[in-house]
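Right, one structure below, let's go through it.
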């Protein structure tokens, strides 16, 4: 029995020695036309990887500073999902001045996610599509050639409502309370 346990232990050690923990997400390569068709929102910009992420399944939601909008209405910044295993690649690419053309769809998360993971994340260098091996990038270039809109900037929205915190309507609230008070106390005096 002792010999069997020793053999089992040695075998287990050798099996575990060769085991390497590798975590990655495998995505099916999508045709660019499919990616464009599935997208609810198409934007260009950069992730703010330094911010705290909202985690949900495979994706982590990070603020995305949008510079151009090609489809959909978005607030700037908006939270966009990114495969957690792609964070290092994204951070390095953006540190070198890169931007992303994102094709986004509603996912299971509380934020938009790239269509088919990396299929919906197209790297841009100096505003030009960075060609990936085996991917026809002409359709992506065509998207970039179209007129883009400016995103609605949250900072601008906040400035539009500056000073309108409802305090300007204090007289309306006081008048309402006074009318209710008169009606309420008037009933008790009569009865």
>> Looking for something modelled with pLDDT under 85, out of contact with any helix residue (DSSP H, G or I) (no Cβ under 9 Å at 6 or more places or on another chain) and under 18 Å from residue 41 (Cα atoms) - is there at least one such residue anywhere in region 93-108?
In response: yes
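Scan region 88-114 residue by residue and report those that are under 21 Å from residue 28 (Cβ atoms), out of contact with any strand residue (DSSP E or B) (no Cβ under 6 Å at 6 or more places or on another chain) and free of Cβ contacts under 8 Å to residues at least 40 places away in the same chain. Working first, answer last.
Initial filter on region 88-114 (under 21 Å from residue 28 (Cβ atoms)): 89-90, 100-109, 112-114.
With out of contact with any strand residue (DSSP E or B) (no Cβ under 6 Å at 6 or more places or on another chain) added as a condition, the list becomes 89, 105-106, 108.
89 - this is the single residue of region 88-114 that is under 21 Å from residue 28 (Cβ atoms), out of contact with any strand residue (DSSP E or B) (no Cβ under 6 Å at 6 or more places or on another chain) and free of Cβ contacts under 8 Å to residues at least 40 places away in the same chain.
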>> Looking for something buried (at least 19 other Cβ atoms within 10 Å of the Cβ) and closer than 14 Å to residue 151 by Cα - is there at least one such residue anywhere in region 49-61?
In response: no
>> So if I check each of 157, 73, which one is farther than 17 Å from residue 30 by Cα, in contact with a strand residue (DSSP E or B) (Cβ under 8 Å, 6 or more places away or on another chain), in a loop (DSSP other than H, G, I, E, B) and modelled with pLDDT under 90?
In response: 73
>> Looking at region 133-144, I want the residues that are surrounded by 12 or more Cβ atoms within 10 Å (Cβ to Cβ) and have a partner that is modelled with pLDDT under 80 with Cβ atoms under 8 Å, at least 6 apart or on another chain. Which pairs are those?
In response: 135/29; 137/131
> Only one of 44, 79 is closer than 27 Å to residue 138 by Cβ and either in a loop (DSSP other than H, G, I, E, B) or at pLDDT 90 or above (or both); which?
Replying inline: 44
> Going through region 119-137 one residue at a time, which ones are assigned to a helix (DSSP H, G or I) and at pLDDT below 85?
Replying inline: none
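Looking at 141, 147, 65, which one is part of a helix (DSSP H, G or I) and on the phi < 0 side of the Ramachandran plot? Don't jump to the end; show me each part of the working.
Numbers: 147 fails: part of a helix (DSSP H, G or I); 65 fails: part of a helix (DSSP H, G or I).
Answer to the check: 141.
Being outside any strand (DSSP E or B) and over 11 Å from the mean Cα position of the chain (by Cα) is the requirement here; does residue 100 meet it?
Details: outside any strand (DSSP E or B): no; over 11 Å from the mean Cα position of the chain (by Cα): yes.
No: the conditions fail for residue 100.
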> When you scan region 77-92, how many residues do you find that are within 21 Å of residue 130 (Cβ to Cβ) and either surrounded by fewer than 17 Cβ atoms within 10 Å (Cβ to Cβ) or in contact with a helix residue (DSSP H, G or I) (Cβ under 7 Å, 6 or more places away or on another chain) (or both)?
Replying inline: 9
> Can you name the residue in region 31-41 that is surrounded by fewer than 19 Cβ atoms within 10 Å (Cβ to Cβ) and assigned to a loop (DSSP other than H, G, I, E, B) and, of all such residues, is modelled with the highest pLDDT?
Replying inline: 40
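The values are calculated or read from the model by the stated rules, or taken from the named source; none is laboratory data. What you see is a predicted model, and the numbers here were worked out from it, not measured in a lab. Positions of Cβ are generated from backbone atoms using ideal geometry, with glycine treated the same way; all protein chains shown enter the neighbour counts.
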